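The block underneath contains the structure these notes are about, expressed in structure tokens.
Nothing in this text is a laboratory measurement; each read-out follows from the coordinates by a stated rule. Everything numeric here is computed off the predicted structure, so don't read it as measured data. Cβ atoms come from the backbone with ideal geometry, glycine included; neighbour counts cover every protein chain shown.
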């Protein structure tokens, strides 16, 4: 082999080895989830209370949390990762006053259109209940992802 071919071959081997080791390093452990709320931490007590609200208000009748099969879409959005896609204050405002949000917020209005103009009923939540639900939804998201 010529010197140039040996050099090119050696460079190729080094490059492949570097790529192999860096991809192995990248695949160790779950990938971090992008979130618009990087400082949001689940409070276990609030999450437990939020779970009670979820059951009492029967949110599960319309919403799923990461259990949609195929392209099937329910009557309302799947809420897996909602506290990562939307700011916490947005989620709380939507829970507390869906009608105002649909009228004033383009994301809420888009969801309203996407789900056949079905508006979430006023669940008559208190601010504390809305806060607790955000903790519950994030806790459930984390559990469903197995992280």
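Got a sec? Which residues in the stretch 95-111 would a label at residue 126 touch, if it sits 7 Å along Cα→Cβ and we count backbone N under 12 Å?
Inside the label zone: nothing.
R0 = 25 Å: FRET efficiency of residue 99 with residue 36, Cβ-based, nearest 0.05?
Given R0 = 25 Å and the Cβ-Cβ separation, E is 0.60.
So for the stretch 35-145, Kirkwood radius off the Cα pairs, Stokes-Einstein at 37 °C and 0.692 mPa s: how many µm² s⁻¹? It would help to have the intermediate numbers written out before the result.
Numbers: Rh = 14.2 Å.
So the translational diffusion coefficient is about 231 µm²/s.
Run the numbers for residue 67 and residue 89: contour at 0.36 nm per residue of separation, minus the present Cα-Cα distance, in nm.
Details: separation 22, 0.36 × 22 = 7.92 nm, distance 2.50 nm.
Going from the current span to full extension adds 5.4 nm.
Where in the stretch 82-103 does the amide nitrogen come within less than 20 Å of the point 7 Å from the Cα of residue 109, taken along Cα to Cβ?
86-87, 90-103
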